[in-house]
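Asks: Have a look at the structure that comes next, please.
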């Protein structure tokens with residue numbers, strides 16, 4: 001039998017002063033309550049209740065045990081209630097790390113609706129593009145673009161994105177007619193993304209004056 005159920009049966013008998021009222025309180029039969037108490041006494045190797053035809057009372061050992069048992073049962077009930085309340089009404093501080101572009105363009109616009117629906121939640125959102133150590137840096141979650149490297153973490157796909165190589169019209173015109181594959185074009189003209197600017201890598205086919213930092217938007 002379940003240890004806590006046996007303990008609860010014993011404590012309820014003491015609270016109610018008998019098996020009949022204890023059975024009504026627990027919503028089970030009188031014989032079931034008696035069976036739980038007897039099993040509990042056998043498990044402990046001690047008599048917890050004095051039983052007569054007229055009354056039931058705890059023994060000296062039973063009275064000492066009742067005080068501790070009631071505290072255990074109350075703590076268990078509070079623990080169950082805590083879990084239930086946390087699931088039904090989320091609350092607390094949510095510390096998240098989000099890739100800058102995704103946070104600004106996709107997450108920030110919907111945070112208002114989220115906080116309206118869950119007013120007991122406070123969000124601390126850090127925008128950066130580096131990979132963070134969730135546990136050591138105190139983050140509850142992060143949103144990143146790419147593959148998950150740490151297999152011990154749980155990940156959920158939110159959406160899909162595409163990557164583009166963007167250049168000014170003069171640069172594109174410079175490349176027209178040159179015999180090289182798309183891959184070699186990408187290698188010869190490399191855009192390295194940083195925050196908040198993107199720096200164009202040097203190309204042997206372009207004059208140095210055409211290579212300059214370009215601010216990113218969106």
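The values are calculated or read from the model by the stated rules, or taken from the named source; none is laboratory data. Note that this is a predicted model, so its numbers are computed, not measured. Glycine also receives a Cβ, built like all others from the backbone with ideal geometry; neighbour counts cover every protein chain displayed.
Asks: When you go through 3, 40 one by one, which is the residue that is loosely packed, with under 12 Cβ neighbours inside 10 Å and in contact with a helix residue (DSSP H, G or I) (Cβ under 8 Å, 6 or more places away or on another chain)?
Replies: Details: 40 fails: loosely packed, with under 12 Cβ neighbours inside 10 Å.
None of the other options fit; the residue is 3.
Asks: On to the next question. Can you tell me how many residues in the range 6-37 are surrounded by 15 or more Cβ atoms within 10 Å (Cβ to Cβ), closer than 17 Å to residue 68 by Cβ and over 38 Å from the mean Cα position of the chain (by Cα)?
Replies: Number satisfying all stated conditions: 3.
Asks: Right, next: Inside the range 156-167, can you point out the residues that are within 17 Å of the chain's Cα centre (by Cα) and either surrounded by 10 or more Cβ atoms within 10 Å (Cβ to Cβ) or touching a residue at least 60 places away in the same chain (Cβ under 8 Å) (or both)? If you could, list the steps in order and put the result at the bottom.
Replies: Step one: list which residues in the range 156-167 are within 17 Å of the chain's Cα centre (by Cα), which gives 156-158.
Once the filter is applied, which keeps residues that are within 17 Å of the chain's Cα centre (by Cα) and either surrounded by 10 or more Cβ atoms within 10 Å (Cβ to Cβ) or touching a residue at least 60 places away in the same chain (Cβ under 8 Å) (or both), the range 156-167 yields only 158.
Asks: Can I ask one more? Would you mind stating whether residue 73 is modelled with pLDDT under 90, in the same structural domain as residue 13 (by TED's automatic domain parsing) and under 30 Å from residue 8 (Cα atoms)? Explain how you work it out, then say what you get.
Replies: Working: modelled with pLDDT under 90: no; in the same structural domain as residue 13 (by TED's automatic domain parsing): yes; under 30 Å from residue 8 (Cα atoms): yes.
Against the criterion (modelled with pLDDT under 90, in the same structural domain as residue 13 (by TED's automatic domain parsing) and under 30 Å from residue 8 (Cα atoms)), residue 73 does not qualify.
Asks: Another question, if that's okay. Just to be sure before I move on: is residue 46 surrounded by 18 or more Cβ atoms within 10 Å (Cβ to Cβ), touching a helix residue (DSSP H, G or I) at 6+ places or on another chain (Cβ under 8 Å) and free of Cβ contacts under 8 Å to residues at least 24 places away in the same chain in the structure I sent? Let's see the steps before the verdict.
Replies: Details: surrounded by 18 or more Cβ atoms within 10 Å (Cβ to Cβ): no; touching a helix residue (DSSP H, G or I) at 6+ places or on another chain (Cβ under 8 Å): yes; free of Cβ contacts under 8 Å to residues at least 24 places away in the same chain: yes.
No: the conditions fail for residue 46.
Asks: Okay, next question. Is it the case that the range 61-78 has a residue that's in contact with a strand residue (DSSP E or B) (Cβ under 6 Å, 6 or more places away or on another chain) and within 13 Å of residue 7 (Cα to Cα)? If you could, list the steps in order and put the result at the bottom.
Replies: Taking the range 61-78 first, the residues in contact with a strand residue (DSSP E or B) (Cβ under 6 Å, 6 or more places away or on another chain) are 62, 66.
Among the residues that remain, those that are also within 13 Å of residue 7 (Cα to Cα) are: 62, 66.
Yes, because at least one residue in the range 61-78 is in contact with a strand residue (DSSP E or B) (Cβ under 6 Å, 6 or more places away or on another chain) and within 13 Å of residue 7 (Cα to Cα).
Asks: Please work out which one of (1) out of contact with any helix residue (DSSP H, G or I) (no Cβ under 9 Å at 6 or more places or on another chain); (2) exposed (fewer than 14 other Cβ atoms within 10 Å of the Cβ) is the condition residue 128 fails and give its number.
Replies: (1)
Each row is one residue, and each column tells you yes or no for (1) surrounded by 12 or more Cβ atoms within 10 Å (Cβ to Cβ); (2) at negative phi; (3) out of contact with any helix residue (DSSP H, G or I) (no Cβ under 9 Å at 6 or more places or on another chain).
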site: 80; (1), (2), (3): no, yes, yes
site: 96; (1), (2), (3): yes, yes, no
site: 102; (1), (2), (3): yes, yes, yes
site: 112; (1), (2), (3): no, yes, yes
site: 132; (1), (2), (3): yes, yes, yes
site: 139; (1), (2), (3): yes, yes, yes
site: 154; (1), (2), (3): no, yes, yes
